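Throughout, read-outs are computed from the coordinates displayed, never taken from laboratory work. Given the structure is predicted, the values throughout are model-derived calculations rather than measurements. Don't worry about glycine lacking a Cβ; one is built from the backbone with ideal geometry, like all the others, and counts go over all protein chains shown.
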Amino acid sequence: MTSKLDSKIPEGNLEQKWTKYRSTVPLVNPANKRSLEVLIIGSGLAGASAAASLAELGYKVKVFCFQDSARRAHSIAAQGGINAAKNYQNDGDSTYRLFYDTIKGGDYRAREANVYRLAEVSANIIDQCVASGVPFAREYGGLLSNRSFGGTQVQRTFYAAGQTGQQLLLGAYSGLQRQVGMGNVKMYARHEMLEVVTIDGVCRGIIARDLTTGNLERHFGHAVLLCTGGYGNVFYLSTNAMGSNVTAAWKAHKKGAMMANPCFTQIHPTCIPVSGDHQSKLTLMSESLRNDGRIWVPAKKEDAVALRENRIKPNDIKEEDRDYYLERRYPAFGNLVPRDVASRAAKERCDAGFGVNKTGEAVFLDFAFNTIRYGNMEATKKGMHNPTQDQIVEMGRAVVKEKYGNLFDMYQQITGVNPYEQPMMIYPAVHYTMGGLWVDYNLMTNIPGLYALGEANFSEHGANRLGASALMQGLADGYFVIPYTIGAYLNKEIMTKAIPTDHEAFVAAENKVKGTIDQLMGIKGTKSVDYFHKRLGLIMWNKCGMARSSEELTKAISDIQTLRKEFWSDVRVPGDANEMNSELEKAVRVADFLELGELMCKDALTRNESCGGHFREEYQTEEGEAMRDDENYKYVAAWEYFEGNTWELHKEDLVYENIKIAQRSYK
Amino acid sequence: MEKNLNLSLKVWRQKNAKDKGQFETYKVNDISTDMSFLEMFDVLNERLIVDGKEPIAFDHDCREGICGMCSMFINGRPHGPKQGVTTCQLHMRSFNDGDTIVVEPWRASPFPVIKDLVVDRSAFDRIISAGGFISINTGNAQDANSLPIPKDDADESFAAASCIGCGACVAACKNASAMLFVSAKVSQLALLPQGQPERKQRVMEMVAQMDSEGFGSCTNTGACSAECPKEISLTHIARMNRDYISAELSSTK
Ligand SMILES: Cc1cc2nc3c(=O)[nH]c(=O)nc-3n(C[C@H](O)[C@H](O)[C@H](O)COP(=O)(O)OP(=O)(O)OC[C@H]3O[C@@H](n4cnc5c(N)ncnc54)[C@H](O)[C@@H]3O)c2cc1C
Ligand code: SF4
Ligand code: FES
C-alpha cells in the first residue's frame with residue numbers, strides 16, 4: 001500500500017468497528033457547529049439526506065444542484081427498491097448475510113469494514129424513511145412488503161411500486177426543504193459546481209456557475225461534500241438522466257483527489273433496446289421484473305431470423321423451442337443471477353445469432369408464465385372452481401399491473417407494444433458506475449476536507465453492485481455515516497475562520513473556470529457537442545463495455561485522444577456565456593468525459609483479470625465464465641492525476657478477514 | 001410500425017425574462033414515429049446549431065416521466081395530447097404527417113419565463129418548505145413495522161405522493177391555481193399516522209404560502225387533474241379543503 005492511501009479503518013472486530021468508532025469519534029459542540037460551513041454538491045439521496053442531517057445538527061449548510069429543484073436529482077428515477085437487513089420475512093436474513101451477499105456480489109473487490117457498516121445501518125434507513133412519510137408498499141396486515149432482487153436468496157427489498165427512488169428522494173427532499181424553511185440550509189438550484197478551491201492542499205470551497213445568469217460564484221466551506229452521482233453518461237447512451245455527469249468529481253480529481261476503479265461499470269441486463277440513431281437515452285425496466293419475468297430466446301436460429309423479419313410472433317414459438325438460458329446455465333439462481341452475469345449471458349446469445357429484434361440485439365422478458373400462476377392463485381382465493389383461461393389471464397394481469405403497472409405503461413409508451421400481451425424485448429445498457437472518487441472510512445477523499453458520498457464515491461460495491469443497494473448506500477452515507485465521521489475532521493477546524501472569497505486561491509480558481517469557458521465559446525467550430533459525445537459513447541460501448549480486450553482498449557485510448565483534439569478545435573457552442581446556455585453546460589461536461597474515458601480504458605487495460613462488471617476476453621474459462629485473479633488484482637486501483645492527462649496508479653490492498661474468498665458461483 | 005413524418009413547429013422564443021418573446025416557425029422532416037417529442041427537439045436543435053443559430057432552450061432531465069422537469073405546452077395542452085403522459089414520454093406516433101404543432105412554455109404568473117420554454121417553478125419548493133414534511137430529525141425513528149398502516153391508506157397516500165411537481169396543473173388552470181399540487185402533498189401526509197401531529201398546522205401553512213406566491217383560487221373546473229401526467233385525483237383537493245376548514249375552525253392562533 002502506498003502512503004498516500006490511508007483507509008483509516010478502525011481497529012477491532014468487524015461487528016464492533018462501527019459501534020466503537022461512532023462512540024469515540026471526536027464531537028463538535030453545538031456552539032461551534034453554528035460557525036462551521038458545509039457545502040454539499042448534489043441533492044440526490046446522498047446529498048439531500050446529508051444536508052438535512054447536518055443542518056439538524058447545527059452546521060451551516062449550502063446545497064447546490066443543476067436541476068431547477070432539489071427534488072429532481074437523478075435518484076428520483078430509481079425504480080425497483082432498497083435493501084435492508086430487517087429480516088421481516090423471517091427467511092434467514094441478517095446483517096452478516098447482507099454484508100456477505102454484497103461482498104460476494106461485488107466479486108470480492110470491496111472493503112469489508114465499509115460494507116459491514118452499510119449492512120448494519122441499513123435497518124435504520126427503513127425506519128427513518130417510514131417516519132418521514134415514505135409510503136412503501138404494504139401487505140393487507142398493514143406491515144411492510146418485500147420483494148427479491150438479483151444475487152440474493154432472501155426477500156429484503158423494500159419498495160414503492162416501481163417508483164422507490166422517487167418516494168425515497170421526496171422523503172429526503174422534504175427533510176431538506178424543512179431545513180431550508182428554517183434558514184439552516186441555503187439552496188442553490190440551477191447551479192453547477194465547476195471547480196474545487198484548495199489552499200495549502202486543504203479543500204476550502206468551490207466555484208459554481210449560476211446556470212440562469214451565467215455568473216461565476218465563489219463559495220467558502222470548511223468542508224465540501226460531493227454527492228454528484230455517477231458518470232455512466234460517458235457512454236452517451238445510458239439509463240442515467242441527460243444531465244448526469246462527472247464534472248464535479250473530475251475537477252476534484254484534477255486537483256489531486258484519486259479516482260478509484262474507474263473502469264468498474266455496471267451494464268444492466270433489462271433495458272429497452274436501442275430503436276434508432278435519434279436515441280437520446282435508454283430506459284431501464286427494473287430488475288424487480290426478473291422476479292416474475294422469465295428471460296428467453298428461441299432455441300432455433302431460424303426462429304430468431306423469422307422474428308427479426310417479422311414473419312412470426314413470439315407467442316408462436318412453442319415452449320420446447322424456447323431457450324430459458326439463465327435457468328439453463330445457472331439453475332440455483334436462474335433469472336435472479338447478478339446483473340453482470342445476466343448481461344453477459346444476453347450478449348452471448350445475441351452474438352451467437354439468437355437476438356429477437358430487427359437489430360439482433362434483444363432478448364425476451366416474458367410474464368406469461370407468472371400471469372397464469374397469479375391468475376390461478378386469485379381464482380383459488382376467490383373460490384372459483386372452474387375459471388376459464390380468459391378469467392385466469394385477466395385476474396393474473398391485474399396482479400401484475402398492481403406490482404409493475406407504471407413500468408408496463410412506460411414500456412408501452414416507448415415501444416408502442418403492449419407487454420401484457422407480448423413479452424417485453426430487453427437488452428443490456430449502461431446503468432451505474434461502481435468506480436468513483438477514492439474515499440477512506442470517513443468518506444473523505446485524499447484531499448482533506450473534501451468528501452464524496454453516494455454513487456460519486458467508489459466504496460461499497462466492488463466490481464459489481466447488487467440491485468437495490470445504491471439507494472441504501474446513498475441514504476446510509478447521508479443519514480447515518482457522514483453526520484458522525486465529519487466530526488473527526490471538523491473538530492480540528494473550529495478555529496478556522498471563514499476565509500474571504502477574495503483570497504487569491506478563489507480568484508485563481510475562478511479565472512481557471514473562466515478560461516475554460518472562454519476557450520469553449522471561442523472555438524466556433526462546425527460540430528455540435530452531441531456529435532462528439534455520441535462518438536465518444538460508441539468508442540466506450542464497443543471497446544470498454546460488456547467485453548474488453550487489451551487490443552481494443554489500446555485502440556480506444558488513441559481514438560479518444562484523437563477525438564479530444566478534434567473536440568477542442570471543432571466544437572461549436574452557440575450563444576453567450578453570460579446567459580442560460582444549455583450547449584455550454586453540455587460542452588463543459590463532455591470535455592471532462594473525454595478525459596475520463598481515457599482513464600477508464602487505462603484502468604481496464606491494467607486490470608488483467610475478469611471480475612464483476614469488468615470482463616476481459618483474455619481471462620475467461622472455457623464455458624465463458626469470468627476468471628478473477630486474486631493473487632495479483634485483489635486491490636483498489638486508485639489513480640492520481642498529473643498535468644497533461646497522465647496518471648500514476650496507487651494500490652490499496654483489500655484484506656478479507658471475515659469472508660473466505662471463493663470463485664463466485666451462481667450455478 | 002415505424003413511419004416518418006414531416007412537421008411544422010411553431011415554437012415560443014424568448015431571449016430572457018425581460019424580452020417580450022414571439023413565435024418562430026420551423027420545418028422538421030423525416031421524424032421517425034419511434035422518436036420521443038424531446039428527441040424531435042434534439043434533431044431540430046442539432047440543425048439550428050450547425051446552421052449557426054441558437055437552439056431552443058427547454059427543461060428536461062430524466063426523460064422517463066419521473067423527475068418532473070420537462071414542461072412543454074403543446075397544442076394548447078400541458079404535456080400534449082395524451083392522457084397521463086409527460087412531454088418526455090410523448091412519442092411522435094401520437095402525431096400525423098403534415099401536422100403543425102404549437103409549443104409554448106407554462107403560462108402562469110407565479111412561473112415566470114426564464115428563456116424560451118424554460119420557466120421558474122421555485123414557488124413549489126417554497127410551498128414544500130412551508131410545511132410539506134414531517135418534522136422528524138435523523139435518528140429519531142422507531143422500528144418501521146411498529147406502525148402498521150392499512151394497505152388502502154398506504155396505497156392512497158402513495159397515489160398522492162406520485163406527484164412529480166411538474167406544474168402542469170397550474171398551467172392547465174385558467175386561474176393558475178396550485179391546489180392539485182398542494183393537496184397531493186397534504187393528502188399524502190394526512191393519510192398516514194405519522195402525519196397526524198402536524199396535520200392542521202401543515203395545511204394552514206402550505207395554503208398561506210401558496211396564496212402568497214400568487215397562485216389563483218380553485219373554481220373546481222378540474223382541468224388540473226385532467227391534464228396531470230400522474231393523474232392525481234381531485235379527491236385530494238376535497239380532502240385538503242376539509243382539513244383546511246377544520247383547521248381554521250379549531251385554530252387558536
Ligand atoms: C433508471 C435507474 C434506476 C435505478 N434503480 C435503482 C433501484 O431500484 N435501487 C437502487 O438501489 N438503485 C437504483 N439505481 C441507482 C441509484 O438510483 C443511484 O445510484 C443513486 O440514486 C445515486 O444517488 P446520488 O445521491 O449519489 O446521486 P444523484 O441522485 O444522481 O444526484 C446527483 C446530484 O448531484 C447534482 N450534481 C451533479 N453534478 C453537479 C455539479 N457539477 N454541480 C452541482 N450539482 C451537481 C445533481 O444536480 C443532483 O442533485 C437506479 C439508477 C437508475 C439510473
Ligand atoms: S399534481 Fe400533477 S400536474 Fe400538478 S405538479 Fe403534480 S404531477 Fe404535475
Ligand atoms: S424529463 Fe423528467 S419527467 Fe420529463
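Taking the Cα centre of segment A:518-653 as origin, sum charge times position over the Cβ atoms of Lys and Arg (+1) and Asp and Glu (-1), and report the length of that vector in debye to the nearest 20. Write down the numbers at each step before the final one.
Values: 18 positive and 29 negative charges, 129 e Å.
It comes to approximately 620 debye.
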Rounded tilt (10° steps) of A:45-57 against the dominant C-alpha axis of chain A: 50
Exercise: per-residue mean of other protein chain Cβ atoms within 10 Å, B:184-195: 2
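Of all trypsin sites (Lys or Arg not before Pro) in segment A:258-341, which ones are in loop regions per DSSP and have a Cβ with at most 11 other Cβ atoms within 10 Å?
Numbers: sites: A:Lys281, A:Arg290, A:Arg294, A:Lys300, A:Lys301, A:Arg308, A:Arg311, A:Lys318, A:Arg322, A:Arg328, A:Arg329, A:Arg339; in loops: A:Lys281, A:Lys300, A:Arg311, A:Lys318.
Taking segment A:258-341 and a limit of 11 other Cβ atoms within 10 Å, the loop trypsin sites (Lys or Arg not before Pro) found are A:Arg311, A:Lys318.
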Shielding by partners, peptide B:104-114 (average Cβ within 10 angstrom, other chains): 1
Nonlocal amide H pairs with B:Met35, under 5 Å, H built at 1.01 Å: B:Met92
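What 222 nm value per residue comes from the helices of chain A, counting each DSSP H run with n ≥ 4 as -39,500 (n - 2.57) and dividing by all residues, nearest 500 deg cm²/dmol? Provide the component values of the computation, followed by the final result.
Values: 19 runs with 250 residues, N = 667.
Calculated from helices alone, the mean residue ellipticity at 222 nm is -12000 deg cm²/dmol.
What does the structure give for A:282-291 when I average, per residue, the other chain Cβ atoms found within 10 Å of the residue Cβ?
Numbers: counts 2, 5, 1, 0, 0, 0, 0, 0, 0, 0.
Mean partner-chain Cβ count within 10 Å for A:282-291: 1.
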Between 0 and 90°, nearest 10: helix A:112-131 axis offset from chain A longest Cα axis: 80
Given charges at beta-carbon only (K, R positive; D, E negative), |dipole| of the protein assembly as shown in Debye: 1320
Helix A:550-570 axis, angle to chain A major axis (alpha carbon atoms, nearest 10°): 60
Karplus-derived 3J(HN,Hα), 6.51/-1.76/1.60, for each residue of segment A:62-75, Hz, glycine and proline x: 10, 10, 10, 8, 8, 6, 7, 8, 4, 5, 9, 3, 5, 3
Charge dipole (the protein assembly as shown, unit charges on Cβ, about Cα centre) - positive-most of A:Met495, A:Tyr420, A:Pro483: A:Met495
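If packing is taken as the average number of other Cβ atoms within 10 Å across a peptide's residues, how do A:40-48, B:131-139, A:586-594 rank, most packed first?
Details: A:40-48: 33.0, B:131-139: 20.7, A:586-594: 22.8.
The peptides rank, most packed first, as A:40-48, A:586-594, B:131-139.
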Cross-link pairs A:Lys347/A:Lys527; A:Lys255/A:Lys514; A:Lys347/A:Lys555 - those with Cα-Cα distance over 25 Å: A:Lys347/A:Lys527
Residue-averaged 222 nm ellipticity for chain B, from DSSP H runs of 4+ at -39500 (n - 2.57), nearest 500: -10500 deg cm²/dmol
Listed residue pairs exceeding 28 Å between alpha carbons, taken from B:Lys20/B:Lys174; A:Lys62/A:Lys251; A:Lys281/A:Lys318; A:Lys8/A:Lys543; A:Lys313/B:Lys230: A:Lys281/A:Lys318; A:Lys8/A:Lys543; A:Lys313/B:Lys230
Filter on B:Lys3/B:Lys27; A:Lys104/A:Lys534; B:Lys27/B:Lys115 - keep pairs with C-alpha separation over 26 Å: A:Lys104/A:Lys534
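Quick one: net charge of A:Ser23's neighbours, Cβ under 15 Å, K/R +1, D/E -1? Walk me through the numbers before you get to the answer.
Details: positive: A:Lys17, A:Lys20, A:Arg22, A:Arg117; negative: A:Glu11, A:Glu15, A:Glu120.
Charge balance near A:Ser23 sits at +1.
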Of A:Ala55, A:Leu118, A:Ala84, farthest towards positive along the dipole that unit charges on Lys, Arg, Asp, Glu beta carbons give segment A:1-138: A:Ala55
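Can you pull out the GluC sites (Glu not before Pro) in segment B:1-58 whose DSSP state is coil and whose Cβ has at most 15 other Cβ atoms within 10 Å?
Numbers: sites: B:Glu2, B:Glu24, B:Glu39, B:Glu46; in loops: B:Glu2.
Answer by residue number: B:Glu2.
Charges only on Cβ, +1 for Lys and Arg, -1 for Asp and Glu: so what's the dipole of segment B:141-224 about the Cα centre, in debye to the nearest 20? Could the numbers behind the result be given before it?
Details: 6 positive and 9 negative charges, 42 e Å.
Its charge dipole is roughly 200 debye.
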Dipole of segment A:355-405, positive direction: furthest Cα of A:Ala368, A:Gly396, A:Thr380, with charges on the beta-carbon: A:Thr380
For segment A:1-66 versus segment A:141-188, the gap between their alpha-carbon centres in whole angstrom: 20
Neighbour cut-off at most 15 other Cβ (10 Å), DSSP loop, GluC sites (Glu not before Pro), segment A:1-55: A:Glu11
